[in-house]
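The values are calculated or read from the model by the stated rules, or taken from the named source; none is laboratory data. Please read all numbers here as calculations on a predicted model, not as lab measurements. When we count neighbours, we look across all protein chains shown, and the Cβ atoms used for this are built from the backbone with ideal geometry, even at glycine. The area values use the complete protein model at the heavy-atom level, side chains included, leaving out ligands, DNA and RNA. Shrake-Rupley method; radii C 1.70, N 1.55, O 1.52, S 1.80 Å.
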Amino acid sequence: MTFDVPMPVSVVSDRFTAMGTRAEAHLFDAPAGPDAILLVRRAVARAEATLTIHRPSPTTALNERLARGEAAAVDDPILLDALETAEALWRRTNGLFDPTAGAFPGAGGGGFGHLGFDARTARVRPETPSRLDFGGLGKGLALDHAATALRAAGVVAGLISLGESSILALGSHPHGEGWRLGVPHPEHGGYFLQELTLREEALSISATGDRRAAVDRAPTVRPETGEPILTAMTAVAVDRSAATAEAFSTAMLVATAEEREALVLAASEPTRLFIHVFDPVPTAVRVLA
Amino acid sequence: MTGFDHAFDLSRRRFLESIGIAGAAFGMATAAPWAARAAQSGRGRGGGDRVRFGVIGTGDRGSALLENLLQSRNGVVAAVCDDYAPNLARGLALTEGKAQTFTNHRAMLDARAVDAVVIATPLHMHASQTLDALDAGLPVFCEKSMARTLDDCTAMVVKARETRLPLQIGHQRLFKPTYLNAIAKIRAGEIGKVTQVRSSWHRHRDWRRPVPPGSGLERRINWRMYREYSAGLLTELASHQTQVADWAFDAVPRRIMGSGSICYWKDGREVPDHIALIYEYDGGRKHIYTSLLNNRRYGCEEQIQGDNGSIEAEVGKMFAEDSPPVPGLQRLIQDVSEGVFRTIPIGGASWASELPVTHIAPQPLGRGEYNETLLQLEHFAETVKTRRLEWTLLRYGYHASVAALLGEQAIETGQPVIWPEALVLPRTIT
């Protein structure tokens with residue numbers, strides 16, 4: 001749809017590197033103008049500084065205690081919020097999303113259920129040595145923090161991408177209803193794997209299809225057993241919360257077919273879940289949801 | 001094969017694959033031939049005789065090297081030597097009592113019990129032990145830094161050239177996939193012209209080892225604190241990173257400025273616990289280095305900065321100077337200005353170009369995972385078999401040691417120190 005005379009729209013944009021990936025934000029007719037875009041950077045930077053395990057941070061400090069099986073208080077509000085969110089999503093995904101790393105319950109190890117997290121007292125009492133890794137949730141949390149700050153600043157339209165796999169859609173496209181996003185087909189250029197319309201929602205894409213882009217990156221694994229997921233798949237999740245979308249796209253990827261079906265059946269608005277499984281013959285794409 | 005052996009073998013193969021992947025990017029055969037050879041020979045089944053190693057110095061570092069040697073595919077530990085009884089017992093225990101023991105390195109050499117030696121004694125002992133071993137016809141792997149004085153460092157190189165025996169200095173970053181990949185990208189121009197390396201090694205500890213009360217062993221055990229034996233942070237830590245800077249710049253510094261102080265641990269030590277240096281290279285390029293012992297927030301880092309990007313080598317990350325725009329979002333901006341509403345192509349996992357991350361936090365040495373320390377020792381073993389002096393590796397080790405010692409001079413004199421031309425080794429030897 002085009003308009004004969006396009007209505008002028010102001011846009012403020014930013015591109016930066018964060019959380020090991022490229023971030024890009026575009027805000028349209030933002031009341032605070034350039035100041036609004038800084039809210040995105042700050043929110044992402046704060047989330048990264050708190051949740052990173054690649055530098056000293058509140059998370060690495062907590063991990064040092066968890067590695068020794070020691071109880072610890074969680075003093076940092078962003079970390080506490082992350083743990084509360086992670087716990088809720090761990091339950092909603094029946095444990096398929098699990099931000100603890102390294103010890104697999106199926107092998108007698110840990111898992112989030114053994115972390116002993118008590119949100120009321122803001123403490124963890126691990127039953128076994130453990131470690132947190134927010135790599136599968138951090139971008140979503142950062143986007144949620146950014147969304148809160150932007151809405152408070154009166155921003156009503158914007159699109160923010162973290163690594164093109166976690167996307168926040170605020171309001172609507174300046175010239176249409178919602179934001180129409182298309183996930184490109186990984187093997188057939190020019191085609192979309194899926195098209196979705198988002199409005200005040202977040203999109204998360206998780207894939208196992210292309211390993212070449214990341215040398216020596218750890219594979220996606222089933223949290224129960226540590227078994228790597230080798231089937232070529234793309235999981236797409238939509239929710240009002242970017243963290244929820246991210247957790248569910250990961251969960252869909254590591255789930256068995258039966259578990260996946262259960263997640264899809266249990267999902268209710270605003271959560272929408274999709275999986276694309278690529279057979280050895282690429283043209284046979286089965287969409288299960 | 002046991003479960004542990006299987007896991008270790010898997011970790012070896014993954015490690016060597018990552019070297020191969022790094023090497024494919026930039027023709028490692030010419031740019032880092034030692035790594036190409038190490039990876040190639042490492043893929044073999046380890047046939048042929050195993051090199052009999054004698055480990056001289058089985059304290060903390062020596063024991064760690066010994067543990068690696070025990071896992072090597074082409075070496076055995078035939079003898080251990082240490083004149084401090086607890087250390088000697090520790091080394092013997094690691095070999096399950098199988099190694100011959102010596103309290104004097106000359107006795108080990110005279111016994112002809114080994115094919116090569118690994119030296120991990122205090123710094124001031126490196127030169128005499130290395131020279132004695134080379135004179136005895138034995139190749140030497142010597143921990144970094146090479147020696148306590150410039151003359152001793154040079155004497156070791158001269159002896160190696162005379163004897164043409166392998167002399168390898170312990171700079172394991174030269175075998176680490178993260179660094180090999182970093183150098184590959186630098187040489188390929190991916191971060192543009194590199195003008196600055198900023199590195200640090202910050203710790204939060206007094207750096208002391210426990211001394212038995214009343215033993216009188218303070219200077220012996222805590223030798224790193226005393227100028228007679230060591231230049232402290234410079235020779236024990238900085239030389240790792242001066243080697244990385246030389247590698248990144250593909251050059252040797254021309255001038256050094258420095259400042260050092262006993263700033264925090266005022267406990268009778270003689271060497272600074274807080275140092276800051278600028279190593280100037282040709283073209284105005286600089287390596288800026290700090291090390292201190294009372295804050296660990298910034299840990300061990302090297303930030304290699306070019307006009308088109310940056311590489312954080314220790315953690316294996318690379319950053320473009322300007323993130324390229326997402327094509328779909330560029331189109332979105334144009335669509336908005338033209339009043340067009342259509343589907344925005346976006347989505348799919350993507351990452352900023354990242355080097356393989358092999359270690360996020362320093363891993364303790366010992367059993368478990370194949371790593372660059374083991375690879376460099378296996379490489380040394382191969383050079384022992386072939387009697388090949390790996391000149392480029394020695395050159396890096398020598399310049400790193402000289403950089404540490406000239407840095408010490410700069411700190412002590414408070415004056416800039418010019419790098420003597422006589423202390424620049426040629427790139428090749430005939």
**OP:** Mind scanning B:Lys185/B:Lys317; A:Lys139/B:Lys317; B:Lys176/B:Lys286 and naming the pairs with a C-alpha gap bigger than 21 Å?
**Re:** B:Lys176/B:Lys286
Original post:
Could you give the dipole magnitude of the protein assembly as shown about its Cα centre, charging the beta-carbon of Lys and Arg +1 and that of Asp and Glu -1, in debye to the nearest 20?
Top reply: 1700
**OP:** With a 1.4 Å probe and every protein chain kept in, tell me what percent of the accessible surface of chain B is carbon plus sulfur.
**Re:** 51
Subject >> chain B: DSSP helices with Cα axial extent of at least 18 Å and average Kyte-Doolittle hydropathy no lower than -1.0 >> reply: B:3-26, B:150-163, B:372-386, B:391-413
**OP:** Report the label-to-label distance for A:Glu258 and A:Thr231 in nanometres (one decimal), using points 7 Å from each Cα along the Cα→Cβ vector.
**Re:** 1.4
**OP:** Select from B:Tyr298, B:Ile56, B:Pro33 the residue farthest towards the positive end of the dipole of the protein assembly as shown; place +1 on Cβ of Lys and Arg, -1 on Cβ of Asp and Glu, and compute about the Cα centre.
**Re:** B:Ile56
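At 222 nm, what value in deg cm²/dmol follows for the protein assembly as shown if DSSP H runs of at least 4 each add -39500 (n - 2.57) and the sum is divided by all its residues, to the nearest 500?
Details: 20 runs with 247 residues, N = 719.
Dividing the helical sum by the residues of the protein assembly as shown leaves -10500 deg cm²/dmol.
Among DSSP beta bridges lying fully in the protein assembly as shown, give the percent that are antiparallel, nearest 5.
On the way: 83 of 112 bridges.
Antiparallel bridges: around 75 percent, rounded to the nearest 5.
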Subject >> Pairwise FRET efficiency - A:Thr148 versus A:Ala45, Cβ, R0 = 22 Å, nearest 0.05 >> reply: 0.90
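What is the calculated FRET efficiency for A:Arg199 to B:Ala251, with r their C-beta to C-beta distance and R₀ = 45 Å, to the nearest 0.05? Kindly include the intermediate steps, with their values, before the conclusion.
Values: r = 56 Å, r/R0 = 1.25.
FRET efficiency, A:Arg199 to B:Ala251: 0.20.
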**OP:** Taking the Cα centre of chain A as origin, sum charge times position over the Cβ atoms of Lys and Arg (+1) and Asp and Glu (-1), and report the length of that vector in debye to the nearest 20.
**Re:** 420
Subject >> Set of lysines with alpha-carbon distance to B:Lys98 below 28 Å, sequence-local pairs under 8 removed >> reply: B:Lys144, B:Lys385
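Given the Cα-Cα distance of B:Asp307 and B:Thr428 and 0.36 nm per residue of separation, how much length would full extension add, in nm?
Numbers: separation 121, 0.36 × 121 = 43.56 nm, distance 3.01 nm.
Full-extension gain reported as 40.6 nm.
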**OP:** Quick one: which residues, 5 or more positions from B:Arg255 or on another chain, have an amide H under 5 Å from its amide H? H modelled 1.01 Å from N in the peptide plane, none for Pro or chain starts.
**Re:** B:Glu280, B:Trp419
**OP:** First compute the accessible area of the range A:14-149 with a 1.4 Å probe, then give the percent of it belonging to carbon and sulfur atoms.
**Re:** 50
Subject >> Accessible surface of B:Phe141 - all protein chains present, 1.4 Å probe, nearest 10 Å² >> reply: 0
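Report the accessible surface area buried between chains B and A, summing both sides, using a 1.4 Å probe on protein heavy atoms only, in Å² rounded to the nearest 100. Mind dumping the intermediate values first?
Numbers: alone 19170 and 14660 Å², together 29890 Å².
Approximately 3900 Å² gets buried when B meets A.
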Original post:
Could you give the angle, 0 to 90 degrees to the nearest 10, between helix A:257-266's Cα long axis and the longest principal axis of the Cα atoms of chain A?
Top reply: 60
Original post:
How large is the accessible surface per residue of the range B:152-299, computed with a 1.4 Å probe and reported in Å² as a whole number?
Top reply: 39
Original post:
Once the Cβ-Cβ distance between B:Ser128 and B:Arg13 is put in as r, and R0 is 30 Å, what FRET efficiency do you end up with, to the nearest 0.05?
Top reply: 0.15
Subject >> Angle in degrees between helix A:77-92 and the longest Cα principal axis of chain A, rounded to the nearest 10 >> reply: 90
